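Student: There's a structure below that I have some questions on.
The values are calculated or read from the model by the stated rules, or taken from the named source; none is laboratory data. All values reported here derive from a predicted model rather than from experimental measurement. Here the Cβ positions follow ideal geometry from the backbone for every residue, glycine too, while neighbour counts run over all protein chains shown.
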Amino acid sequence: MGNHLSTYHQGDLVLIGSNLPHSGFGLNSSGLHEEIVLQVRPECIPLHFTEMQLIATLLERAKFGVSFSGVTREQVGALMTGMISQPPFRKMIMLLEVLEKLAVSEEYMILNSSIVSPTVLSRHKARLQKVFSYVEKEYANDVQVQNAARLVGLSVPSFCNFFKKTTQITFSDFVNQYRIQKSCMLLHQDKSISEVCFECGFNNVTYFNRLLNRS
């Protein structure tokens with residue numbers, strides 16, 4: 001598996017490292033949207049050169065998943081859009097430009113607090129993918145652990161054990177973290193705290209503020 005870099009016109013720019021499970025980046029978007037995905041194998045990037053040290057550090061960070069915002073998101077999104085019509089050699093040069101901009105950017109947020117074991121992931125990938133897709137589709141609504149458990153054919157206690165053991169985080173904490181990540185993106189769109197709170201599935205502004213301040 002290679003590193004994935006995705007952007008689409010609603011504004012998300014996400015870098016995802018090898019073996020990190022994910023569903024479609026635009027899955028929750030409404031209406032027509034454009035999604036551009038770059039998949040890059042690490043061996044295609046000359047990381048052995050001293051000049052590539054910052055990019056090597058970026059790819060290590062990508063193992064946790066990284067979301068970019070601000071000027072970085074706009075500039076890299078434009079570069080990725082421009083790559084579509086370019087010949088292969090020019091695409092390679094532009095890819096290095098994209099990675100360099102991401103490597104020096106400070107406009108980013110780490111999406112996961114720990115790296116999940118590739119062995120564990122490969123064994124439970126199908127189940128996890130169903131759960132992640134469910135949360136991505138329903139995070140703005142009432143996400144129920146019973147529904148997630150039913151999706152993967154487990155009882156609620158078995159599911160909670162499975163999810164915590166596999167991801168090192170409880171299901172409820174995972175849902176909250178996902179909602180907070182989405183809320184941070186929406187806050188960059190000049191929406192009010194209360195608007196973002198309810199759009200991201202929280203029903204208590206005080207509780208939302210407390211979680212936001214911890215992130």
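Student: From LYS191, LYS182, grab the single residue that is charged (D, E, K, R), part of a helix (DSSP H, G or I) and surrounded by 13 or more Cβ atoms within 10 Å (Cβ to Cβ).
Tutor: LYS182
Student: Out of ARG127, ARG123, which single residue is basic (Lys, Arg), modelled with pLDDT of 85 or more and in contact with a helix residue (DSSP H, G or I) (Cβ under 9 Å, 6 or more places away or on another chain)?
Tutor: ARG127
Student: Answer with yes or no whether LEU154 is at pLDDT below 90 and of a type outside the set (S, T, N, Q).
Tutor: Here the answer is no, as LEU154 does not meet what is asked.
Student: Determine which single condition LEU151 fails, assuming it passes every other condition in (1) in contact (Cβ under 8 Å) with a residue 12 or more places away in the chain; (2) touching a Lys or Arg at 6+ places or on another chain (Cβ under 8 Å); (3) within 30 Å of ILE193 (Cα to Cα).
Tutor: Against the list (1) in contact (Cβ under 8 Å) with a residue 12 or more places away in the chain; (2) touching a Lys or Arg at 6+ places or on another chain (Cβ under 8 Å); (3) within 30 Å of ILE193 (Cα to Cα), LEU151 comes up short only on (3).
Student: Which residues, counting only those in segment 174-201, are charged (D, E, K, R) and under 16 Å from the mean Cα position of the chain (by Cα)?
Tutor: If the condition is that a residue be charged (D, E, K, R) and under 16 Å from the mean Cα position of the chain (by Cα), then ARG179, LYS182 are the ones that fit.
Student: Pick from segment 42-68 the residues that are touching a strand residue (DSSP E or B) at 6+ places or on another chain (Cβ under 8 Å) and outside any strand (DSSP E or B): which of them is modelled with the lowest pLDDT?
Tutor: Out of the qualifying residues, it is PRO42.
Student: List pairs: first residue in segment 184-196 and in contact (Cβ under 8 Å) with a residue 60 or more places away in the chain and more than 14 Å from LEU212 (Cα to Cα), second residue hydrophobic (A, V, I, L, M, F, W, C) and assigned to a helix (DSSP H, G or I) anywhere in the structure, Cβ distance under 9 angstrom, at least six positions apart or on different chains.
Tutor: Hits for this filter: GLN189/VAL196.
Student: Name the pairs: first residue in segment 27-47 and at positive phi, second residue modelled with pLDDT of 50 or more and exposed (fewer than 11 other Cβ atoms within 10 Å of the Cβ), Cβ to Cβ under 6 Å, at least 6 apart or on different chains?
Tutor: none
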